[in-house]
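Colleague: Next up is a structure, given as structure tokens.
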Amino acid sequence: MTAIAYSPLPRWRPRLVLGVLGAGFCAILYQSWQTQVEQSGFLRAQGQQRYQRQLPLPATARGEIFDRNGQPLALSVPSSTVWIDPKVFGQQQARWPELAKILGISTAGMQAHLQHGGTAFAYLARQIDPQLAARALALGIPGVHELHEYRRFYPAGEVTGPLLGFTNLDGAGSEGLEMAYDHVLRSHAGKREILRDNHGHLLSSAPESASEAGKSLTLSIDRRLQYASYTALAAAVQRFAARSGSAVLLDAHSGAILAIANYPASNPNDRDQYHPADASDRAITHTFEPGSVMKPFAVAAALDSGSIQPNSSFNVDTNCFRVASYCIQDDARHGTLDIAQILKYSSNIGAAKIALRTPAKDLYAELQTAGFGESVGLGLPGESAGRLPPYQEWGPATHAAIAYGYGISVNTLQLAAAYAAIANDGVYVAPHLLKGQRGEEHRLMSARTAANLRKWLAGVVAPQGTGFLAAIPGYTVAGKTGTAAMANGKGGFHRHQVNTTFVGFAPAQNPRFVMAVTVRDPTRGWRYGGVVAAPVFRSAMSVALRDAGIPPQVGLAQGVHPRSIAEQQRWAEGAGDARH
């Protein structure tokens, strides 16, 4: 047998094999490093996208709004939204009429929803009655689904509509207090993390963040007084065929707003009848030249500056008191009047003479300290500051006219707050809307001046005073009427368009409540503040005094006490003094 001879392996071959194995091992190590270290975050995220999901948890109810006594003003009630999967529902056109009949929409409307929706989701009916949604789903039409939501409900409707505002379909505040306090009232949706296997089966579910309910608000508003103010205001606007009206009722000492009414007003529960103008809170957004209701502040500035004395008197026996090129007139001619009589008969000439005796700087300071020309600061949308021109810009005519309410613009809330200072011994307290708050305070006038004004303003509501229709049987009432021609925007005034106002408080010598009423552009009957606005005060203030348990004084008869607004109008038509 011949022996087989083996030739030795080349020396380079083992080295090659070892090198290839080493390189492969290094490649594996490098890949492992990239996978487990460098790309771990990216790969983990990709895996989570395939197996983990974050689903939104439905938001809980929006915070509720209550009046000062716990009565609901705004609630969130359960509702249902019917939505569709366009791809699936689009293939069920034969059954669309069934669903349309239940939901009260047309098949053309369904087609529009389908076209304007997304590829996987489209709304069909938002925030409807849950029972109606249940009937729709009971049809078993593929692609039709239900979403549980909340919708806002306002028990008082238009009575509180302009103040509260409303929310949109997504639950966000869109107007009024709902908008101003949206950050407090709004609820927040939570998140839930779920894990599925590669077949889509649910493996686990855990909340990552819980839904957060909105916080509730308790207002200083008294729902009963709000209703009384609204109904009295609505009756006056309708009776005198006026354009609009607003009213504010305050606690005389704390500044708490007990009622803030507007008419006409939109009902936030009925969006189909929504009108932007009727949704406006005119008591804070609309400004106007107030007329004679400004006279007490001219008197206060003159008294506190020492320009006049409480026993001063003025000769107003003229048909025309000329200041610069302007002729100032009274509605009726008088002789010599003291301060009480100037206020009682609402003498423009007397007020102008008082103002012209007072340094412009002092009169301006009085009005500015009373809050005119500055926003009250409730934080509500559209709140106006009005306009108080700097005294450096005043000529003699402006100096005189501001005393009887021209050349200055205010809103109804500002008037109520300023008169509250007279009722509160001369201390101004900023109005507020939330129960438990207390507005900032500062002195507006001396306590002695405030006491004199309360006495003199009670005379305005006495017989022969311009505000006698504000008198309440058994109670002393103090206040002032105002009637001002409306500016025409061309530097002049409308001949037959006026703003009528009454601002007052009761009981006169120990005031508990203050109320300001403005009725804009009455077109029927006598268009004076003492005829149009004063009866609104009387009606609402009567309810406030009675609800507060303030007993009437037996045998007290301050003024004329007709039983109804209709009777008040007949009284006024025979009483030429109830004008300014």
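The values are calculated or read from the model by the stated rules, or taken from the named source; none is laboratory data. In this text the structure is predicted, and so the values were computed from the model without any measurement. Cβ sites come from the backbone with ideal geometry, for glycine too, and all protein chains shown count toward neighbours. These area figures cover heavy atoms from the full protein model, side chains too; ligands, DNA and RNA do not enter into them. Shrake-Rupley method; radii C 1.70, N 1.55, O 1.52, S 1.80 Å.
Colleague: Quick one: length gained pulling A451 to S174 fully straight, 0.36 nm per residue minus the C-alpha distance?
Modeller: Separation in residues times 0.36 nm, less the Cα-Cα distance, equals 95.3 nm.
Colleague: Going by average Cβ neighbours within 10 Å, how do the peptides 328-335, 511-518 rank, with the highest at the top?
Modeller: Highest to lowest by the protection proxy: 511-518, 328-335.
Colleague: Per residue of the range 403-414, what does 6.51 cos²θ - 1.76 cosθ + 1.60 with θ = phi - 60° give for ³J(HN,Hα)? Whole Hz please, x for Gly and Pro, Karplus curve as stated.
Modeller: Whole-Hz 3J(HN,Hα) from phi for the range 403-414: 5, 10, x, 10, x, 9, 10, 9, 10, 5, 5, 4.
Colleague: Further, regarding this structure: Are there any chymotrypsin sites (Phe, Trp or Tyr not before Pro) in the range 94-177 that are in a DSSP loop and have at most 12 other Cβ atoms within 10 Å? List them by number.
Modeller: Taking the range 94-177 and a limit of 12 other Cβ atoms within 10 Å, the loop chymotrypsin sites (Phe, Trp or Tyr not before Pro) found are F121.
Colleague: For S305, project a label point 7 Å along Cα to C-beta. Then give me every residue of the range 387-422 with its amide nitrogen under 17 Å of that point.
Modeller: From the range 387-422, the list is 388-408.
Colleague: So for each of 88-95, 22-29 I average, over its residues, the number of other beta carbons within 10 Å; can you give me the resulting order with the highest mean first?
Modeller: 88-95, 22-29
Colleague: A further question follows. Counting only protein chains, not ligands or nucleic acids, how are T336, T476 ordered by accessible area (probe 1.4 Å), most first?
Modeller: Order by accessible area, largest first: T336, T476.
Colleague: Moving to a separate point now. Between T318 and K361, what is 0.36 nm times their sequence separation minus the Cα-Cα distance? Round to one decimal in nm.
Modeller: 12.7 nm
Colleague: So what's the net charge close to H494: Lys and Arg +1, Asp and Glu -1, counting the other residues with Cβ under 14 Å from its Cβ?
Modeller: +3
Colleague: For A23 paired with L75, estimate the spin-label separation in nm (one decimal), with each label point 7 Å from Cα along the Cα-to-Cβ line.
Modeller: Label-label distance for A23 and L75, simple model: 8.0 nm.
Colleague: Return the subset of K361/K480; K455/K480; K295/K353; K353/K480; K361/K490; K295/K435 for which the Cα-Cα distance in this structure is over 22 Å, preserving the input order.
Modeller: Result: K361/K480; K361/K490; K295/K435 exceed 22 Å.
Colleague: Pop the C-beta distance of R224 and Q36 into the FRET formula with R0 = 60 Å and round what comes out to the nearest 0.05.
Modeller: E(calc), rounded to 0.05, equals 0.25.
Colleague: May I ask you to list the residues of the range 133-171 whose amide nitrogen lies under 19 Å from a point 7 Å from Cα along the Cα→beta-carbon direction of A94?
Modeller: Inside the label zone: 139-144.
Colleague: A further question on this structure: To one decimal place, what orientation-averaged projected area in nm² is obtained for the convex hull of the Cα set of the range 313-366?
Modeller: Value for the range 313-366: 3.9 nm².
Colleague: Please compute the Cα-Cα pair-distance distribution of the range 323-468 with 5 Å bins starting at 0, giving whole percents from short to long.
Modeller: 2, 9, 16, 19, 21, 16, 10, 5, 2, 1, 0
Colleague: May I have the pair-distance distribution P(r) for the range 223-300, computed from all Cα-Cα distances with 5 Å bins from 0 and rounded to whole percent?
Modeller: Binned Cα distances yield the sequence 3, 13, 18, 22, 22, 11, 6, 2, 1, 0.
Colleague: Here is a further query. Just want to confirm a number: the relative contact order over the range 306-352, from Cα pairs under 8 angstrom separated by 6+ residues, in percent.
Modeller: Rounded, it is 41 percent for the range 306-352.
Colleague: With a Cα-only, solvent-free Debye model of the range 58-191, what are the log10 I(q)/I(0) values at q = 0.18 Å⁻¹?
Modeller: Results for the range 58-191 at q = 0.18 Å⁻¹ read -0.98.
Colleague: Would you work out what percent of the accessible area of the range 395-483, with all protein chains in place, is carbon or sulfur (probe 1.4 Å)?
Modeller: Roughly 53 percent of what the probe reaches on the range 395-483 is carbon or sulfur.
Colleague: Expressed as a whole percent, how much of the Cα-Cα distance distribution for the range 288-397 exceeds 19 Å?
Modeller: 49 percent
Colleague: Summing +1 for each Lys or Arg and -1 for each Asp or Glu, what net charge is found among the other residues whose Cβ lies under 13 Å from the Cβ of E383?
Modeller: Local net charge: -2.
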